[in-house]
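Since every read-out is calculated from the coordinates, none of them should be taken as a lab result. Here the structure is a predicted model, which is why all the values come from computation and not from measurement. Glycine also receives a Cβ, built like all others from the backbone with ideal geometry; neighbour counts cover every protein chain displayed.
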Amino acid sequence: MLSIAVCDDEMIECCNLSNKIKAILDERDIPCIIRRFFNGEALLQEYDHFDILFLDILMQGLDGMETARLFRQKASDKILIFISSSREYVWEAYDVEAFHYLVKPLEEQKLRAVLQRAVQKTATHPREYLIIRRERQHEKIFLDDIYYFEIRGRRIDVHGAGKIFTYYEQIHVLEDRLRDKGFFRCHKSYLINLNQVASYNRQEVLLDSGERIPIAKRRYDGFCQELLACMRKNGGIL
C-alpha cells in the first residue's frame, strides 16, 4: 500500500490536494494511505511513515524549504514534490533533490502525470512494511527502519529510526506477520531485526544503534540459526 503525505499550512488547500491525489490513485486501483500535515514540525515527527511527500514551500513558521532540508537529513530515499504559488524557489529545490516542482494553482493533468511517475519510481524500489493501527488511524512502518519491538503484554513499543512509539497487538499475531522477514524473538520481551545486529554473545545482542538486548538461554541456538540464514540471504560473507 502506497503511503503519501501532504503538508500545507492552508488547511483547505491541503485537504483539496489530498482528495485529488486519492481520486487519481483510486482510478488506477492503487491502494493508498494519505496523511495531512499543516506545519513542517508535525511532518518531521512522522517522516518515516510515507513514500511520497507533497510539500508547500510558503508556510508560516518552519517554511517548506527548511523543512525539506531537515527532512532530507533523515530520509534520503523518499520522493519529495514541492508545491508553491511562486516559481522563485525552483533552483533551491535541486539542493534537496526534489522529484518535481508544481506551481499553484495545480493543473490536474500535470498533477496526474507527476504522481504517476512518482508511483512508478516507488515501485522500482519496494520496501517491506507493516500497517498498524494506533490513535484511531492506520500507519505504515518500514521494516528496515525498525531496530526491535519491546513487548509489554498486549502493548508493543516500536524502537527505531530515532523514535519510539506504542500500539496494541498480540505478540503471536505480530510474530506471524513478520515470519521470514528477518525478525527473531530472542527473549520473551524482545523481537529484534536481525539486519540490525552488530555483534552478540550468549547473553546479549548488540545492535547497530548501540542498544543491548538480552538473549534467553533457550532461544540462543535458534537465534544463531536465524541470524546465519538472514546473513546468507542478504549477501553476508561467512
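Compute the helix-to-body angle for 64-74: its Cα long axis versus the longest principal axis of the chain, expressed 0 to 90° and rounded to tens. The helix 64-74 is inclined about 20 degrees to the chain.
Within the chain, DSSP assigns beta bridges of which about 60% are antiparallel (rounded to the nearest 5).
When both the range 131-191 and the range 35-62 are represented by their alpha-carbon centers, they are found 24 Å apart.
Gain on full extension, evaluated as 0.36 nm per residue between residue 95 and residue 41 minus their Cα-Cα distance, stands at 17.4 nm. Under a 5 Å amide H cut-off, with hydrogens placed 1.01 Å from N, residue 35 pairs with 4, 5, 6 among residues at least 5 apart or on other chains. According to the Cα-based calculation, Rg over Rh for the range 2-124 is 0.92, with Rh computed by the Kirkwood formula. The residue 152 and residue 70 beta-carbon pair, evaluated with R₀ = 30 Å, returns a calculated FRET efficiency of approximately 0.40.
Taking the average, over residues, of other Cβ atoms within 10 Å as the packing measure, peptides 93-105, 209-221, 43-55, 63-75 rank 43-55, 63-75, 93-105, 209-221 from highest down. Shown in residue order for the range 144-157 are the 3J(HN,Hα) couplings computed by the Karplus curve 6.51 cos²θ - 1.76 cosθ + 1.60 at θ = phi - 60°: 6, 8, 9, 8, 6, 9, 10, 9, 10, x, 8, 8, 10, 9 Hz (x for Gly and Pro). Hey, if you drop one equal point scatterer on each alpha-carbon of the chain and run the Debye formula without solvent, what base-10 log of I(q)/I(0) do you get at q = 0.09, 0.10, 0.14 Å⁻¹? For the chain at q = 0.09, 0.10, 0.14 Å⁻¹, log10 I(q)/I(0) is -0.46, -0.55, -0.94.
Between residue 198 and residue 121, the simple label model (points 7 Å from Cα in the Cβ direction) yields a spacing of 3.3 nm. Give the angle, between 0 and 90 degrees and rounded to the nearest 10, that separates the Cα long axis of helix 108-124 from the longest principal axis of the Cα atoms of the chain. So the helix axis and the longest Cα principal axis differ by about 20 degrees. Projecting the Cα atoms of 18, 215, 103 onto the charge dipole of the chain, computed from C-beta unit charges around the Cα centre, puts 215 farthest toward the positive end.
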